[in-house]
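Have a look at the structure below before the remarks.
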Amino acid sequence: KTYKNHNGGIGAVFSKHHSSNPEGLNRLNDSFLATISSRYQMIADMAKTWGGSVIFIPELMNGSAYYEPMSRIHEKMEKISEKNNNTQFFDIREHMPFNRELFWDKMHFTAKGCDFFANLVIPLVREHISRSLNSSTEAE
């Protein structure tokens, strides 16, 4: 219980139950951002413990009320990534244009958008796997 009180609890990341917050966007305050940072660091630490790496990819959205609050969350994601040698922040926002061909709405991909996203991310995943295999081979 003490861990949960200070870190938002791992159950808040991996819970089967979703409960909406009646505070809406007001819940995305400094305390919430500190909790998000702790969660991202926890993910990086868990991956490092297992010899893995993490690619942080910010959510894509355009013209949504969530854009500004999510940008603040993405900044936290990027800072955590900079602090850890087993993480990478891939700012997909710089590589994926918002248009009707790739997006149904403010944030959901079309089939072509899914392909576009996959073609950007698959090489990163392959690179991480290759790097991981090379570093484990060198360690032997």
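Listing for the model above:
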item: Candidates Ser81, Ser64, filtered to the one that is among the hydroxyl-bearing types (Ser, Thr, Tyr), assigned to a loop (DSSP other than H, G, I, E, B) and surrounded by 11 or more Cβ atoms within 10 Å (Cβ to Cβ); result: Ser64
item: Residue identified as modelled with pLDDT under 90 and among the β-branched types (Val, Ile, Thr) among Thr137, Thr49; result: Thr137
item: Matching entry among Arg93, Arg126 (being surrounded by fewer than 11 Cβ atoms within 10 Å (Cβ to Cβ) and charged (D, E, K, R)); result: Arg126
item: Subset of region 105-119 that is part of a helix (DSSP H, G or I) and open to solvent by less than 40 Å² (accessible area, probe 1.4 Å) - its residue that is farthest from Gly63 (Cα to Cα); result: Ala118
item: Unmet requirement for Ser37, which otherwise passes all of (1) free of Cβ contacts under 8 Å to residues at least 40 places away in the same chain; (2) under 13 Å from the mean Cα position of the chain (by Cα); (3) open to solvent by less than 50 Å² (accessible area, probe 1.4 Å); result: (1)
item: Region 24-55 - residue that is in a helix (DSSP H, G or I) and among the polar types (S, T, N, Q) and, of those, farthest from Glu127 (Cα to Cα); result: Asn26
item: Residue match in region 10-20 (condition: among the basic types (Lys, Arg), open to solvent by 80 Å² or more (accessible area, probe 1.4 Å) and modelled with pLDDT of 90 or more); result: no
item: Given (1) assigned to a loop (DSSP other than H, G, I, E, B); (2) within 22 Å of Val121 (Cα to Cα); (3) touching a residue at least 40 places away in the same chain (Cβ under 8 Å); (4) open to solvent by 20 Å² or more (accessible area, probe 1.4 Å), index of the condition Lys76 fails; result: (1)
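The values are calculated or read from the model by the stated rules, or taken from the named source; none is laboratory data. Source: prediction; values computed, not measured. Neighbour counts run over all protein chains shown; Cβ positions are idealised from the backbone, glycine included. To get the accessible areas, we keep the full protein, side chains included, count just its heavy atoms, and leave off ligands, DNA and RNA. Shrake-Rupley method; radii C 1.70, N 1.55, O 1.52, S 1.80 Å.
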